[in-house]
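Below: the structure, in structure tokens.
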Ligand code: HQG
């Protein structure tokens, strides 16, 4: 039971901290941080109350480490995945590995090969350093395929790469030129 309710709490926190803080009357600052006391108060006011202990449990046990507290646990934010366009997470460009991976669904491939990887509703295109993660991301959308991204070459050509606090690689757009044919078409 505890497991299910923690997952539900985590999903609701993702919704609030990435997409719709307004839903519970919460305000995020420009880097995506919310005040923890305010978050707990607004959750309670909207029938979603949880204790500080429960919030800490959600943050520490989250499978992808989606959330971070600041040092004194007065503020909290989602590490990536926002759709709020005005946020600036303050990530610094860093050197990516030579190859990164993007998991997607086979049905998107034609479109991707025409326009490259686009961020769609998110703030960035999401990439991973390993194929296994890419596979898990892809299978969320349908029959999974994994694309290889020539990240090192992109960076040498002037594109910026970032890594979120939970290890997701991010960039603005991957032109077709830097994509290599699907590695895997899992059935
Ligand atoms: C696709 C999860 C057609 C793209 C995961 C993807 C990840 C195109 C979909 C994180 C396209 C967007 C992000 C184009 C891109 N034509 N389709 N030109 N360019 N696409 O969910 O990368 O659980 O917004 O391939 O683990 O799947 O939320 O992005 O299939 O880290 O923490 O458009 O979400 O993390 O889908 O996943 P999404 P994503 P969380």
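Every read-out reported here was derived from the displayed coordinates using simple, explicitly stated rules and does not represent laboratory data. Since the structure is predicted, the reported quantities are computational estimates derived from the model, not experimental observations. Here the Cβ positions follow ideal geometry from the backbone for every residue, glycine too, while neighbour counts run over all protein chains shown.
Structure values in brief
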quantity	calculated
For the stretch 41-92, alpha-carbon Rg relative to the globular expectation (2.2 N^0.38 Å, N residues)	1.27
Computed log₁₀ I(q)/I(0) - Debye formula, equal Cα scatterers, no solvent, the stretch 6-78, q 0.15, 0.18 Å⁻¹	-0.41, -0.60
Fewest-first sequence of 82, 57 by Cβ atoms within 10 Å of each Cβ	57, 82
For the stretch 100-183, alpha-carbon Rg and Dmax in angstrom	11.6, 33
Helical mean residue ellipticity (222 nm; -39500 (n - 2.57) per DSSP H run of 4+; nearest 500) of the chain	-8500 deg cm²/dmol
Cα-derived Rg to Rh of the chain, Kirkwood definition	1.01
